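Enquirer: First the structure, which I've put down as structure tokens, then a few questions once you've had a look.
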Amino acid sequence: MKRIALTLMILWAALILPVAPAGADDTALQHLPFEQIVEKARGTEVRWYMYGGWAHVNDWVDTHVAAEMKKRYDIRLVRVPMDAGVFVNKLLNEKAAGKQKGNIDLLWINGENFKNAKEAGLLFGPFADTLPNVKKYVDPASVTHDFGYPVEGYEAPYGRAQFVFEYDSAQVTPPADLAGLKAWIMANPGRFTYPQPPDFTGSAFIRQVFYAVTGGHDQYMAGWDADLFAKKAPLLWKWLNEVEPYLWQKGRTYPKDSATLDTLFSRGEVAFGMSYHPSHAQSKIIEGSYPATARTFVLKDGAIFNTHFTAIPFNAPNKAGGMVLANLLISADIQLSKYRPDQWGDFPALDISRLPEADQKRFQDVDLGPATLGSEILGPVAVPEIPSAYLEALEQGWKEHVLDK
Amino acid sequence: MNRTARHGSTLVVLALLFLLPVVVLVLVSLAPGWRFPDVWPAAFSLRGVDFFIRHHEKILMALASSFGFSLLTVAATLFMCLLPAAVFARHRFPGKTLLEGLLLTPALVPPMTFAMGLHFIFIKVSLADTIPGVVLILAMFSYPYMFRALVAGFQTMGEDYRICARNLGASPADILFRVEFPLLVPSIIAGGSVVFLVAFSEYFLVFLIGGGSVPSFTGTLFPLLSSSNRSLAAILTLIFLFLPVLLFVVMDISLMRAYRRKGMMSA
Amino acid sequence: MSWISKPNKTTRPIRLMLGLSPLLLPYLVLFCGGAVLTACQSFGVLTPLPHAGGVLDAYTTLLRDASFFASFGFSLWVATASAFLAVAAGAFLAYRVWRLPGRLAPLSLVYKIPLILPHIAVAFLVLIFWSRSGVIASVAHSLGLIREMHEFPNILYSGWGLGMILAYTLKGAPFAMLLALALLARFDIRQIQTAAMLGASGIRIFFTIVLPRLAPALHTGFIILFLYSFGAFDIPYILSESRPGMLSIHVYNIYFKHDLARRPEAMAILTLMFAFAVVFIIAYSRAVSRLENGVRKL
């Protein structure tokens, strides 16, 4: 019996030892002219892993983007729904297991997930700066950092987002600033909530409050400062805990993600929704889930904006295909269709002034609908994202000081 | 009268518990904007159906994949259990009760507990993200249903057929495949249906071991469940309900026909 | 073929092993092996990343963490309540269905619907019906029981896991019915008719004649449903509240949402769940057989 156990242990130990790395001719890809990359990718399959909770986004990818990939490059696009944290973990597992050929070709990623992935060596690159559409249309200055972490060409810009609140104009008048929001929450118990961090949108909400109650974003831009955080964070916990008893379900529970909050808002269980996409409410009106009187607003204290990206895993089986898709996603056509609220309503990541005039006109002609705020309102309140070390500390701290307190 | 009322109430309770949800699902699938306080949807729309039609390729692919790996799981459990079930039905040996108890535990303990331990090894040996990997894991906690059904089948069959066939000169392989196997079909179907449903409706383990490479119907349905557009999730749930029912009905009918053809109907 | 030998006699162990091997091998390698691997990783052995701390670190962290105990207790509560409700409802409904006259019996097959639906779909049904903006709230409103949504009792987010219990019960009751009906099919209806003629009430008949006969099926059903609800992931992922969370969600969060350094902790929870399941199976079946022996002696 002992001998069998021993044999099994040895067997497992053998399985655990790292597999010898496969020959990496990937570096060649980074220097290949893009036309050759396209040729390499033609007729293949590209597997794109992305957050799957937004039906209209899935719809857009499955129909519009997939059709373009097929038409232009004869590439079959497979969208796989998976949360960013989960696929980063999957890659970590594969890296540790020495698996050189994974099954993910492109990731939709940003923020702390990007930082974790890049620091753990999970990403292929740099590749973004070789993509023709990035070179032509993207303002390099706008994509040097992702949540304060240097991008260095390891991810390609894909879209731009800014945080807005949603409300039903037939039911409520929105508050003007954070103090007004707090007063509203306390006067209307049970009608407000936010998705539970680390959900993307919920996490953005607490960052906004963090900025507002600690005196603005500037102080955090220099990077992680443990003393500063220790001094400032309690102000945030205090604010959140003060409103908690007045939240939906008395703050005993929080919606698990932004899709759940959308559902609560659309069904009238809460009075405010929130989204990282300024024209999300318009999309939902078009889709029929939100009442036609739904509108959006921002708080005077600031509305965080950021850029989201695509990246290629270190063990992507079809890196060329991933690059072709990343390049297509930042093309004027795709960015335009993505911008339209009846498609998705995600703001373009390219610099519109660099486009040919006809294309610029097409962007200007997009009807964002009555529920979407104009740049004259969004622009002045825009504040940048916090460096991701703060983000992680805030999410961990939220669990400790707000959820489990 | 009293009795009629009681039977009526039985049926009403059953309908309220188990049939009403289906009716409501049909309504939800046709009325994406159905909101409180409407007891009946204010407006119907085919948007959900339309969405389904536009995405039918992807959805049907996932469905086919789910069907495929579930049937493979049934085959795997049958392979695993056939001989051992015969041994269990026919032999006495020390520790048999204990072994039977042990062999049934995988259906009872939470499958996460051993599947997550295996996950990393599966990545190592390239079983993760593959259909064989998914089938192995699913078979590993669903086989007890097949096993019990087969043991019962062998026991009801008794020894007579086998002895008779052997006396007539049939080889052991002939006995197994041409005499006993056909007689076992009802047990295989009984056990196989449960195995199929367990595999077909599993979400998490397919997600974990399949890693997104093995498309599944539950995986397609899952992200839609919390979405504010409920009609699509409702449509998919209805398909979920309809297809296995169809499968079972088709199987029942074809089985009946086969038996009738062989003149085994009386058995 | 070695397994074909004289019936019911002790056979040579090698032949036995050969006949059992298609099942024993995967059982030992995948099931036992998987459980051992889970345990190993909980001690920091064979983890994806080399584990720096001590062997029992993960366990000490867990045992110091109040939220772990809260999750454990909560999982126990949800599992017990839902398995009990499902078995009780299943036994009662099975009995009523069994009493149906032949021509009505086919109609009762609707009970199999939740058996076919996956757990996540049943969770979805519970959302549609029981949320504050759901079907039942709407009906209550139209009946004048509530004036607005917020008067509807907070079923899904009461902090008691009622949503999950409802879903598990809806999914589990037909399963218990199935088991009970299989036993009832062999049950002689004349026993009941005799009892009724002797003046026993319907309730008395159910509790003194039918229920004891169903006991074996109900005990099996209880063990299966209890352990499933205790450790499954699908329904809690849709219906669970932020706190207290089910153990499976706890594991998922540690496994997927954190870096690999906390992997032993996730594995430690899984190991404890495994151990608990095994202990529960043994203790429950012992208790049942002792109880039955006692009854027989009487």
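The values are calculated or read from the model by the stated rules, or taken from the named source; none is laboratory data. Just so you know, these numbers come straight off a predicted model, no measurement behind them. Reconstructed Cβ throughout: ideal geometry from the backbone, glycine too, with neighbour counts over all protein chains shown.
Enquirer: In the stretch C:54-74, is there at least one residue being surrounded by 23 or more Cβ atoms within 10 Å (Cβ to Cβ) and closer than 22 Å to B:E202 by Cα?
Expert: No.
Enquirer: Give the residue that is surrounded by the fewest Cβ atoms within 10 Å (Cβ to Cβ), with candidates limited to residues of the stretch C:26-48 that are more than 19 Å from B:L99 (Cβ to Cβ) and hydrophobic (A, V, I, L, M, F, W, C).
Expert: Ranking the qualifying residues of the stretch C:26-48, first place goes to C:V45.
Enquirer: Same structure again: Of all residues in the stretch A:74-90, which are touching a Gly at 6+ places or on another chain (Cβ under 7 Å) and under 22 Å from C:L49 (Cα atoms)?
Expert: Correct list: A:K90 only.
Yes/no per residue for (1) of a type in the set (G, A, S); (2) over 24 Å from the mean Cα position of the chain (by Cα):
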{"residue": "A:G121", "(1), (2)": "yes, no"}
{"residue": "A:P126", "(1), (2)": "no, no"}
{"residue": "A:D129", "(1), (2)": "no, no"}
{"residue": "A:Y149", "(1), (2)": "no, no"}
{"residue": "A:Y154", "(1), (2)": "no, no"}
{"residue": "A:D168", "(1), (2)": "no, yes"}
{"residue": "A:A204", "(1), (2)": "yes, no"}
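Enquirer: Also: Filtering the stretch B:89-104 down to residues that are assigned to a helix (DSSP H, G or I), more than 10 Å from every other protein chain (Cβ to nearest Cβ) and not hydroxyl-bearing (S, T, Y), which residue is surrounded by the most Cβ atoms within 10 Å (Cβ to Cβ)? Steps first, please.
Expert: First, the residues of the stretch B:89-104 that are assigned to a helix (DSSP H, G or I): B:89-90, B:96-104.
From the residues that got through so far, the ones that are more than 10 Å from every other protein chain (Cβ to nearest Cβ) too are B:97-98, B:100.
When the remaining residues are screened for being not hydroxyl-bearing (S, T, Y), the result is B:98, B:100.
Working: B:L98: 9, B:E100: 14.
For the stretch B:89-104, the residue satisfying everything is B:E100.
Enquirer: Filter the stretch A:37-60 for residues that are crowded, with 19+ Cβ neighbours inside 10 Å, within 20 Å of A:A259 (Cβ to Cβ) and out of contact with any Pro (no Cβ under 6 Å at 6 or more places or on another chain) and give the result.
Expert: A:W48, A:Y49, A:M50, A:Y51, A:W54, A:A55, A:H56, A:V57, A:N58, A:W60
Enquirer: Which residue out of C:G163, C:G144, C:G172 is within 28 Å of B:R6 (Cβ to Cβ), more than 9 Å from every other protein chain (Cβ to nearest Cβ) and not basic (K, R)?
Expert: Among C:G163, C:G144, C:G172, only C:G172 is within 28 Å of B:R6 (Cβ to Cβ), more than 9 Å from every other protein chain (Cβ to nearest Cβ) and not basic (K, R).
Enquirer: Which residue pairs have Cβ atoms under 8 Å apart, sit 6 or more places apart or on different chains, and have a first residue in the stretch A:85-107 that is closer than 12 Å to A:A117 by Cβ and without any contact (Cβ under 8 Å) to a residue 24 or more places away in the chain and a second that is of a type in the set (A, V, I, L, M, F, W, C) and assigned to a loop (DSSP other than H, G, I, E, B)?
Expert: What qualifies is A:K90/A:M82; A:K90/A:I104.
Enquirer: While we're here: Scan (1) outside any loop (DSSP other than H, G, I, E, B); (2) farther than 30 Å from A:V298 by Cβ for the single condition A:A179 breaks and write down its number.
Expert: (2) is the only condition that A:A179 fails.
Enquirer: Would a scan of the stretch B:64-79 turn up a residue that is out of contact with any helix residue (DSSP H, G or I) (no Cβ under 8 Å at 6 or more places or on another chain), at pLDDT below 95, of a type outside the set (S, T, Y) and loosely packed, with under 15 Cβ neighbours inside 10 Å?
Expert: Yes, because at least one residue in the stretch B:64-79 is out of contact with any helix residue (DSSP H, G or I) (no Cβ under 8 Å at 6 or more places or on another chain), at pLDDT below 95, of a type outside the set (S, T, Y) and loosely packed, with under 15 Cβ neighbours inside 10 Å.
Enquirer: A further question follows. With the checklist (1) touching an Asp or Glu at 6+ places or on another chain (Cβ under 6 Å); (2) modelled with pLDDT under 85; (3) not aliphatic (A, V, I, L, M) in hand, flag the one item B:F177 doesn't pass.
Expert: Evaluating B:F177 over (1) touching an Asp or Glu at 6+ places or on another chain (Cβ under 6 Å); (2) modelled with pLDDT under 85; (3) not aliphatic (A, V, I, L, M) leaves (1) as the failure.
Enquirer: Inspect all residues belonging to the stretch A:191-204 and state whether any of them is crowded, with 18+ Cβ neighbours inside 10 Å, modelled with pLDDT of 95 or more, of a type in the set (S, T, N, Q) and not in a strand (DSSP E or B).
Expert: Yes, there is a match, as at least one residue in the stretch A:191-204 is crowded, with 18+ Cβ neighbours inside 10 Å, modelled with pLDDT of 95 or more, of a type in the set (S, T, N, Q) and not in a strand (DSSP E or B).
Enquirer: Also, quick follow-up: Going by what's in this entry, would C:S133 be described as of a type in the set (S, T, N, Q), more than 8 Å from chain B (Cβ to nearest Cβ) and surrounded by fewer than 24 Cβ atoms within 10 Å (Cβ to Cβ)?
Expert: Numbers: of a type in the set (S, T, N, Q): yes; more than 8 Å from chain B (Cβ to nearest Cβ): no; surrounded by fewer than 24 Cβ atoms within 10 Å (Cβ to Cβ): yes.
No: the conditions fail for C:S133.
Enquirer: Moving on. Considering only helices (runs of 4 or more DSSP H) fully contained in the stretch A:81-172, which possess at least 1 residues that are within 14 Å of chain C (Cβ to nearest Cβ), aromatic (F, W, Y) and closer than 26 Å to A:W60 by Cα?
Expert: Once the helices (runs of 4 or more DSSP H) in the stretch A:81-172 are filtered for at least 1 residues that are within 14 Å of chain C (Cβ to nearest Cβ), aromatic (F, W, Y) and closer than 26 Å to A:W60 by Cα, what remains is A:84-96.
Enquirer: Looking only at helices (runs of 4 or more DSSP H) that fall completely inside the stretch B:135-220, which ones have 3 or more residues that are within 12 Å of chain C (Cβ to nearest Cβ) and of a type outside the set (A, V, I, L, M)? Steps first, please.
Expert: Details: elements: B:160-167, B:181-201, B:204-210.
Where helices (runs of 4 or more DSSP H) fall fully within the stretch B:135-220 and carry at least 3 residues being within 12 Å of chain C (Cβ to nearest Cβ) and of a type outside the set (A, V, I, L, M), they are B:160-167, B:181-201.
Enquirer: Can you tell me which residues in the stretch A:369-393 are modelled with pLDDT of 90 or more and in contact with a helix residue (DSSP H, G or I) (Cβ under 8 Å, 6 or more places away or on another chain)?
Expert: Matches in the stretch A:369-393: A:G369, A:P370, A:A371, A:T372, A:V383, A:E385, A:I386, A:P387, A:Y390, A:L391, A:A393.
Enquirer: Another question about this same structure. For A:R42, all conditions in the list (1) more than 30 Å from A:E287 (Cβ to Cβ); (2) under 18 Å from the mean Cα position of the chain (by Cα) hold save one; what is the number of the exception?
Expert: (2)
Enquirer: Only one of C:F256, C:F226, C:F233, C:F207 is more than 23 Å from A:L403 (Cβ to Cβ) and within 13 Å of chain B (Cβ to nearest Cβ). Can you tell me which?
Expert: Going through C:F256, C:F226, C:F233, C:F207 in turn, the sole match is C:F226.
Enquirer: Something else: Just need a number here: residues in the stretch A:264-307 that are in contact with a Lys or Arg (Cβ under 8 Å, 6 or more places away or on another chain) and either among the β-branched types (V, I, T) or in a helix (DSSP H, G or I) (or both). Write out each step before concluding.
Expert: Keep residues of the stretch A:264-307 that are in contact with a Lys or Arg (Cβ under 8 Å, 6 or more places away or on another chain), which gives A:266-272, A:281, A:287-288, A:290, A:294, A:304-307.
If we keep only those that are either among the β-branched types (V, I, T) or in a helix (DSSP H, G or I) (or both) as well, we get A:266, A:270, A:281, A:287, A:304, A:307.
Residues that pass the stated criteria total 6.
Enquirer: OK, next. Pairs needed: first member in the stretch B:57-69, farther than 15 Å from B:I235 by Cα and facing chain A (nearest Cβ under 10 Å); second member anywhere, of a type outside the set (D, E, K, R) and not in a helix (DSSP H, G or I); C-beta distance under 8 Å; at least 6 residues apart or different chains.
Expert: As it stands, the answer is B:M61/B:P215, since those pairs meet every condition given.
Enquirer: Starting from residues that are more than 10 Å from chain B (Cβ to nearest Cβ) and of a type outside the set (G, A, S), keep the ones in the stretch C:176-186 and report whichever is nearest to C:F84 (Cα to Cα).
Expert: The extreme case among them is C:L179.
Enquirer: Report whether or not C:P153 is at the interface with chain B (Cβ under 9 Å from one of its Cβ atoms) and outside any helix (DSSP H, G or I).
Expert: Numbers: at the interface with chain B (Cβ under 9 Å from one of its Cβ atoms): no; outside any helix (DSSP H, G or I): yes.
No; evaluated as a whole, the condition is false for this residue.
Enquirer: Here is a further query. Of all helices (runs of 4 or more DSSP H) completely enclosed by the stretch C:8-111, which ones contain at least 2 residues that are away from chain B (no Cβ under 14 Å) and at pLDDT 90 or above?
Expert: Fully inside the stretch C:8-111 and qualifying: C:57-64, C:66-99.
Enquirer: Next up: Restricting the search to the stretch A:362-405, which residues are among the β-branched types (V, I, T) and either surrounded by fewer than 17 Cβ atoms within 10 Å (Cβ to Cβ) or in a strand (DSSP E or B) (or both)?
Expert: Taking the stretch A:362-405 and keeping what is among the β-branched types (V, I, T), we get A:366, A:372, A:377, A:381, A:383, A:386, A:402.
Correct list: A:I377, A:V383.
Enquirer: Follow-up question, since we're still on this one. From the list C:S201, C:S242, which one is surrounded by fewer than 17 Cβ atoms within 10 Å (Cβ to Cβ) and free of Cβ contacts under 8 Å to residues at least 24 places away in the same chain?
Expert: Exactly one residue qualifies, and that residue is C:S201.
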